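The values are calculated or read from the model by the stated rules, or taken from the named source; none is laboratory data. Predicted, not measured: the structure shown is a model, and the values here were computed from it. Quick reminder, even Gly has a Cβ in these numbers, built from the backbone with ideal geometry, and neighbours come from all protein chains shown. Calculation scope for accessible area: heavy atoms of the full protein, side chains included, ligands and nucleic acids excluded. Shrake-Rupley method; radii C 1.70, N 1.55, O 1.52, S 1.80 Å.
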Amino acid sequence: MGEDAHRLVTDDEPNHVGLAVGLVIGLPMIGFGVVEILRHTDATPLPNYLEFFVGGDIAHDALIAPIAALVAYCVLRRVPAVGRGPLRAFLFGAVIVIAIAWPGIRMYGRMRAPDNATVQPLDYATATLTVVGVVGVIAIMWFIGALLAARRPRDRSQGFPSSDP
Amino acid sequence: VSEAVDSVHNEGVAARLGLALGITFTICFLTGLYSHFAQHPSWGFQLPSRPAGLYRVTQGVHVVTGLASIPLLFAKLWSVYPRLFRWPPVTSVAHAIERIAIFPLVAGAIFMVFTGLANINLWYPWRFNFPDTHFRTAWIVMGALAIHIGAKISTTRAAFRRTAAPRAVVTERRQFLATAFGMSALVALFTAGQTLRPLARLALLAPRRPDVGPQGFPVNATAKETGVIALARSPSYRFTVDGKVERTMAFTLAELRALPQHSATLPITCVEGWSTNQRWTGVRVRDLLNMGGAARHARARVQSFQPYGSYTVSELDNWQTHDPDTLLALQVNGEDLALDHGYPLRLIAPNRPGVMQTKWVKTLTVL
């Protein structure tokens, strides 16, 4: 049981019945999408489409995830357990907020519609810093709470067993 | 420490994030389908005119849910990242099929959230048509998701069973899940204000504010951008009702203002997710059809005098045409329409995407 809980994500043999049902439902849907794209290459030029379809996956697997792994290895590993969760939350949250706000920060929409003052009407650099600040405050409060909890004497023994995830 | 840091690469974590993403992607798919058929009626679909705010809700949910999926998606990909390097990569035919289906799922999911995010910001760094390509790729992603769910059903069930683990490991996993779900909630909180008025001041990550624009609300295409300024101000402006009518009619602006006026509070809802309720005043479309002697179940086409740009024409089905709140509006909130909002005349009807609320109207053709 304990072994189960420690198990990393593994390549278990798929559920054969589930896979068959999934294929019956999923293949026609995939087929519809693919055929529609191939039938309308005027609306969806294939090379450009594949550039973005495959490019996003490659960018994640070859760039974003390795950088995250590097940060986890170089930074999180060295941080005491009590601060690891809040620090990870802050780093993850800040990156997500900046990624979502990026088109606003760069004003891509306003560049396309310079006469339309209702597109991206805010100062998105300040707005992004504000939201990152909120994430930071939450992380600090979490850290303080975790620190206080760690100093409190435990009335239960450390550790085994506890429930997954 | 190492064990705890690595502990998020775990089936329990992946299963919980996967379940959440399954729900958010299904919501996005269904609301996206509704939006697609609202704009391109086919397969017998006819857009109902009631409830008046239905499209506002579905499209608002579509965009906010899509944005809230971003932290969940990247947390899920992180939790399963080590699988990419497992050796041997496949162990059976069934396993190979399952692994192959992961590629369109992951690549498609990243594609969908990226293109959706870029589109709401009017940012198009690609050459393909966004609505068509987003719609077609959604089918690929949902098909791949169906295969993935089927293949992983046993693994997921097992992962949800409560098992034992060292406290530090469990804590680390819970913290990771709390981070992913918490960020998802925060993203929703800081973007939903573009459609939920009480949260408007918190819409710091949203590309629009529902209270910013001429006459207090946003516009998508401006009069300058679409080249209508001179035409809209022309004293020779005439609005025409033609097509399947007993008599073709033409109205000057003064004649339109002299017709019986009706007011209705209706939302204007952009496909990019922002929306706002406004009080519109104008002539009922059904009154114009009655004046022209159109058939009882007539449909209509509304044509703009906009010389170029997309969405210069839209159609009203039977329900929309005869809804008492379907107006050719001359005013909003008691003022003449601003040029950017469609002066001198625009269509406003219940439960319609904003791109189909045709501005700068020239002709109503009865079908």
Counting only residues in the stretch B:41-75 that are open to solvent by 40 Å² or more (accessible area, probe 1.4 Å) and either more than 22 Å from B:Phe29 (Cα to Cα) or part of a helix (DSSP H, G or I) (or both), the one nearest to the other protein chains (Cβ to nearest Cβ) is identified as B:Phe74
Having 1 or more residues that are under 25 Å from the mean Cα position of the chain (by Cα) and among the charged types (D, E, K, R) is the bar; report the helices (runs of 4 or more DSSP H) wholly within the stretch A:1-111 that clear it.
-> A:46-59, A:81-105
Regarding B:Thr191, is this residue more than 7 Å from chain A (Cβ to nearest Cβ), closer than 21 Å to A:Leu91 by Cα and open to solvent by 50 Å² or more (accessible area, probe 1.4 Å)?
-> no
Mind counting the residues in the stretch B:244-289 that are open to solvent by 30 Å² or more (accessible area, probe 1.4 Å), closer than 21 Å to B:Pro324 by Cα and small (Gly, Ala, Ser)?
-> 2
Has the stretch B:319-333 got any residue that is buried (at least 23 other Cβ atoms within 10 Å of the Cβ), assigned to a loop (DSSP other than H, G, I, E, B), in contact with a strand residue (DSSP E or B) (Cβ under 8 Å, 6 or more places away or on another chain) and in contact (Cβ under 8 Å) with a residue 24 or more places away in the chain?
-> yes
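Residues checked against (1) assigned to a helix (DSSP H, G or I); (2) of a type in the set (Gly, Ala, Ser); (3) at the interface with another protein chain (Cβ under 8 Å from one of its Cβ atoms):
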site: B:Arg173; (1), (2), (3): yes, no, yes
site: B:Phe176; (1), (2), (3): yes, no, yes
site: B:Leu186; (1), (2), (3): yes, no, yes
site: B:Arg201; (1), (2), (3): yes, no, no
site: B:Arg209; (1), (2), (3): no, no, yes
Matching residues in the stretch B:194-222 (among the small types (Gly, Ala, Ser) and at pLDDT below 95) number 2
So is A:Gly2 open to solvent by less than 70 Å² (accessible area, probe 1.4 Å) and modelled with pLDDT under 95 or not?
-> yes
Taking into account only those residues within the stretch A:98-120 that are closer than 19 Å to A:Ala65 by Cβ and at the interface with chain B (Cβ under 8 Å from one of its Cβ atoms), which is surrounded by the fewest Cβ atoms within 10 Å (Cβ to Cβ)?
-> A:Ala99
